[in-house]
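Below: one structure, written as structure tokens.
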Amino acid sequence: MLDPQLAGHVTFAPAAPDLPPLAPGHHTLGLSAERDALLVVPEGLEPGQSVPLMVLFHGGGGSAHKILPMMEQHALTHRFLLLVPQSVFPTWDIVIAGNGPDRERLETALAVVTRHFEIDPTRICFAGHSDGGSYTLSLGLTNGHFVTHLIVSSAGFMSVQRQSGAPRVFISHGVNDEQIPVQRSGRAHTALLKEAGYDVTYMEYNGPHAWQPPVVGLAVAFFLEPAAAPATP
């Protein structure tokens with residue numbers, strides 16, 4: 001039998017917090033001495049109200065601070081929590097050898113966040129660009145028991161050994177991407193997911209291997225629109 005952790009399964013379920021909420025601003029979670037996870041808490045969160053959560057994955061060779069501009073202002077404006085983990089190595093474990101320390105640290109980070117905030121179970125999103133987009137697709141489709149939305153920008157691949165639930169998917173890709181050609185990535189992934197029955201929104205834009213602010217804005221609107229509770233795996 002396939003080990004669910006090696007397949008990328010993350011044990012997580014929103015629960016009632018048992019610690020006070022963190023103040024607005026940037027917080028490192030104290031999970032590691034180097035490349036710690038970052039949590040952005042917006043101002044204006046209503047006490048006792050559940051809050052949407054987005055987990056944002058950086059690209060290869062990247063960091064939390066490099067990918068933060070993709071989503072930070074949206075988190076502040078629309079008042080959702082933004083968790084930005086960092087890979088142990090220059091890119092995510094699944095890109096190198098398979099699910100391992102990055103999956104473990106993500107699981108721990110999510111547990112820390114839910115101790116401080118009541119998470120809206122209908123709006124939990126994985127998002128990422130490039131290698132982070134590949135990680136979003138791979139880990140998100142594996143963890144649809146709690147992930148409700150995926151925002152995938154310029155992903156190179158998806159590696160899914162065990163599907164769970166039915167997260168809604170927003171895929172975007174530049175038609176002038178020379179690093180990861182759109183024909184073998186954005187278009188191919190979309191076709192496979194639609195054939196498998198997923199609810200997929202696909203958007204191409206006239207650009208290279210880079211996320212585009214107007215497209216990101218549409219993806220955030222896709223995430224925040226009313227959604228049903230996650231499907232039972």
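So the label point goes 7 Å from the Cα of residue 97 along Cα→C-beta, right? Which residues of the range 9-43 then have their backbone N under 17 Å from it?
none
May I ask which residue of 208, 92, 196 lies farthest towards the positive end of the charge dipole of the chain, with charges of +1 (Lys, Arg) and -1 (Asp, Glu) on Cβ and the Cα centre as origin?
Positive-end residue among those listed: 196.
Per the helix-only calculation at 222 nm, which mean residue ellipticity applies to the chain, given -39500 (n - 2.57) for every DSSP H run of n ≥ 4 and division by its residues, nearest 500 deg cm²/dmol? Mind showing how you got there, number by number?
Details: 7 runs with 65 residues, N = 233.
Calculated at 222 nm, the ellipticity per residue is -8000 deg cm²/dmol.
Give me the dipole magnitude in Debye, nearest 20, for the chain about the Cα centre, with unit charges on the beta carbon: positive for Lys and Arg, negative for Asp and Glu. Numbers along the way, then the final one.
On the way: 12 positive and 20 negative charges, 56 e Å.
Using only the charged Cβ atoms, the result is roughly 260 debye.
Sort out the exposed loop GluC sites (Glu not before Pro) in the chain (DSSP loop, at most 12 other Cβ within 10 Å) and tell me the longest stretch that has none.
Result, exposed sites excluded: 44-177.
Could you work out the relative contact order of the chain, using alpha carbon pairs under 8 angstrom and six or more residues apart, expressed as a whole percent?
Computed value for the chain: 19 percent relative contact order.
I'm checking a number: the convex hull volume of the Cα atoms of the range 116-233, normalised per residue, in Å³. What is it?
103
Got a number for carbon plus sulfur as a percent of the chain's accessible area, 1.4 Å probe?
Details: 5600 of 10160 Å².
Roughly 55 percent of what the probe reaches on the chain is carbon or sulfur.
May I ask you to give the solvent-accessible area per residue for the chain, in square angstrom, as obtained with a 1.4 angstrom probe?
Value returned for the chain: 44 Å² of accessible area per residue.
Between residue 65 and residue 206, take the C-beta separation as r, use R0 = 25 Å, and let me know the FRET efficiency to the nearest 0.05.
So, using R0 = 25 Å, E works out to roughly 0.35.
Please compute the modelled spin-label separation between residue 78 and residue 218, points set 7 Å along Cα→Cβ, answer in nm with one decimal.
My value for the distance between the label points is 1.4 nm.
The values are calculated or read from the model by the stated rules, or taken from the named source; none is laboratory data. Bear in mind the structure is a predicted one, so any value in this text is a computation, not a measurement. As a convention, Cβ positions derive from the backbone with ideal geometry for all residues, glycine included, and neighbour counts pool all protein chains shown. Surface areas here come from the heavy atoms of the whole protein model, side chains and all, with no ligands, DNA or RNA. Shrake-Rupley method; radii C 1.70, N 1.55, O 1.52, S 1.80 Å.
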